[in-house]
Amino acid sequence: MGVDFRNGSYVRRVKCGKRTIKAGECAAVWDSRGRHRQVMGPQVVHLWWSTIRFLDRHSATPTQYLSVLHSSGKRETIRGPAVLYENPVLHDSIEVKESIQLKSSSETLVVYTEVSVGTPVESEPTQVDSMAGGLGAEHKEAEGGEDEDDMKADGKGNGSVQLLRTSYASGYDAAQEKSVSRRVLTGPAVFVPKVSEWCHEFVWSGNAHNAHASGSAANGGNGAVVLPGALRFNVLETNARTWSVDATMRTSDNIPFTCQLTFNYKLKSLEHLLASSTDPVAEFWSGLQADMCVLGDHVTSATVLAKGLNVMSTLESFPFLRERMEANGFALNAVILRRVIASEALERRFNAAAAEEADGARRLALAETNLKAAQAKAETEEREAAAREKRDAREAETKEATIRLEMSRREERRQKEHAMEAAQVRLRIQLSDGRVSTISMTTPTHPRPCPHHTHTHPQLAHELEITRTKEQSKALYADAQIERQIKFLRELKELDVDITAFLMKQGGADGGGLGGRIGVSAGAGVGAGAGTGTGELVTLVPTTFTFALSDAGSVTAPPLVHPMTPSEKAKNS
């Protein structure tokens, strides 16, 4: 007997013996006369020159059904849950199929039903004897519990007989002429077709790698080639869907490239779709190709590289596609351009344009960097020039103040020396006039006049006048030279000349500072400064002095004291 359940592969020829048929098994037995009987377990069957074959078991769940094709050609549909054993005497085939489930109200199913129209068919009816084993729980103990002797006594040598419950559509009659009607089912529902019913199968074009998809042409995928008959499905979705496709465009300058597009669409009328076309996706594809040809005639590769293809994101760019969709009961809602795949020629142009753009950006960045560096340098130079100008101004002012201070010091010294010289002259005049003498101091009653008084005074006054005139001329010339030098330095300052460097250069070239340029160098201090060549300022005021003759007349010189002779000393003693 064994532990495993035996199926149709177990066939034995038994001369004399028995077989135990377990519960859940079923077997067909042929005796020596070729008579057939079907035995359901649990039973023990005694065999004599017989052939036994165990049968295949087919079961359907509540969401499945059994499609049975009888040996007589009759087809039967049994909705689950159900169990049926496939007997080669009674059945040609038994298939377990899934029921069609509509999960939402947006899913629809088109069902065709064959109905009679009332005209009899001129043909003799065929005697149909449907025999089957027990149907699981529906198998009755009275029908399968009789032994072989009881069945022979009752004249039922063919074994247990059971009429199958066959589902037919309402109005179906095998003896009448037939007509087909169509109805549309919407979800949610579970549909099990009856014998006279079948579902509409949509066969649409699509992409090869998505041929298994169903329910929408949008599942045609992203391939550039649309294959006829790639999509096969029964349930049609009527909600908003998307159709993604790769379309090739050739520009006006004969440069091809591929556009990855996504179209959002929705089914408006199912009856219009069923009446107008059997493959709407093929018509969509032909309309899209026409639109791509028109768009390519108005676009150049340079425009694609510069501005892209934003024009392809509008519905107005696809008039032929919209027309084909409306003709098949669809409405186009939106277009999305996902990506542009360039060809080899367009890729070369794009790379060249990108390289040129990158080079231009690099040159622009370099120019901006150089401009910023130049601006920074100019600002730095401007700040340095302003600082240098301020420094030169301060140095010029300092030097000018130093010159003026030195001039004032020299002037004071000159005036002091002039006063001392004037006092000495007045003293010499007084001594020459002979106003004071030692004798007159001792014996003032007999003054002795100076023999040279009448001639010396006019001559000395004339010499003093000439000397004064010369000294005044030299002083005026020195002052004029100093003023010209100061004016020259101020003009150099206004012309943004580095005065310090200029003075150093002039000092080094002339070997005598400003003294060599002005030509006035007198006194010990001046000679020392002029011979150094270091660019220091020299004394521009001469050491000579002048005085007026009136100063000599207005000052009373002290009296002259003559030395006494020995005779005078003796008289005085």
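The values are calculated or read from the model by the stated rules, or taken from the named source; none is laboratory data. Worth saying up front: this structure is predicted, and the values here are computed from it rather than measured. Every residue, glycine among them, receives a Cβ derived from its backbone with ideal geometry; neighbour counts consider all protein chains shown. Surface accessibility is based on the protein's heavy atoms, side chains included, excluding ligands, DNA and RNA. Shrake-Rupley method; radii C 1.70, N 1.55, O 1.52, S 1.80 Å.
Values as computed for the structure displayed
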item	result
Selection within the stretch 310-365 - open to solvent by 90 Å² or more (accessible area, probe 1.4 Å) and at pLDDT below 90	310, 316, 338, 339, 344, 348, 349, 350, 356, 357
Unmet criterion (only one of (1) at pLDDT below 90; (2) surrounded by fewer than 13 Cβ atoms within 10 Å (Cβ to Cβ); (3) of a type outside the set (D, E, K, R); (4) in a strand (DSSP E or B)) for residue 123	(4)
Qualifying position, being open to solvent by less than 50 Å² (accessible area, probe 1.4 Å), among the polar types (S, T, N, Q), in contact (Cβ under 8 Å) with a residue 60 or more places away in the chain and within 30 Å of residue 273 (Cβ to Cβ), among 67, 106	106
Of residues in the stretch 240-256 being under 22 Å from residue 205 (Cβ atoms) and β-branched (Val, Ile, Thr), the one least open to solvent (accessible area, probe 1.4 Å)	245
Given (1) crowded, with 16+ Cβ neighbours inside 10 Å; (2) not polar (S, T, N, Q); (3) not in a helix (DSSP H, G or I), index of the condition residue 281 fails	(3)
Residues of the stretch 72-96 classified as under 17 Å from residue 38 (Cβ atoms) and surrounded by fewer than 17 Cβ atoms within 10 Å (Cβ to Cβ), total	4
Test result for residue 339, within 41 Å of the chain's Cα centre (by Cα) and in contact (Cβ under 8 Å) with a residue 40 or more places away in the chain	yes
Residue 363, sole failed condition from (1) within 37 Å of the chain's Cα centre (by Cα); (2) farther than 27 Å from residue 300 by Cβ	(2)
All positions within the stretch 189-208 that are over 22 Å from residue 61 (Cβ atoms), of a type outside the set (Phe, Trp, Tyr) and in contact (Cβ under 8 Å) with a residue 60 or more places away in the chain	196, 200, 203, 205, 206
Top-ranked residue in the stretch 288-304 [being among the hydrophobic types (A, V, I, L, M, F, W, C) and open to solvent by 50 Å² or more (accessible area, probe 1.4 Å); ranked as modelled with the lowest pLDDT]	302
Residues of the stretch 229-269 satisfying the condition of being among the aliphatic types (A, V, I, L, M), assigned to a strand (DSSP E or B) and closer than 30 Å to residue 110 by Cα	230, 231, 235, 236, 245, 267
Unique residue being farther than 15 Å from residue 86 by Cβ and part of a strand (DSSP E or B) when the list is 46, 58	46
Test: residue in the stretch 85-95 that is under 60 Å from the mean Cα position of the chain (by Cα) and within 30 Å of residue 200 (Cα to Cα)	yes
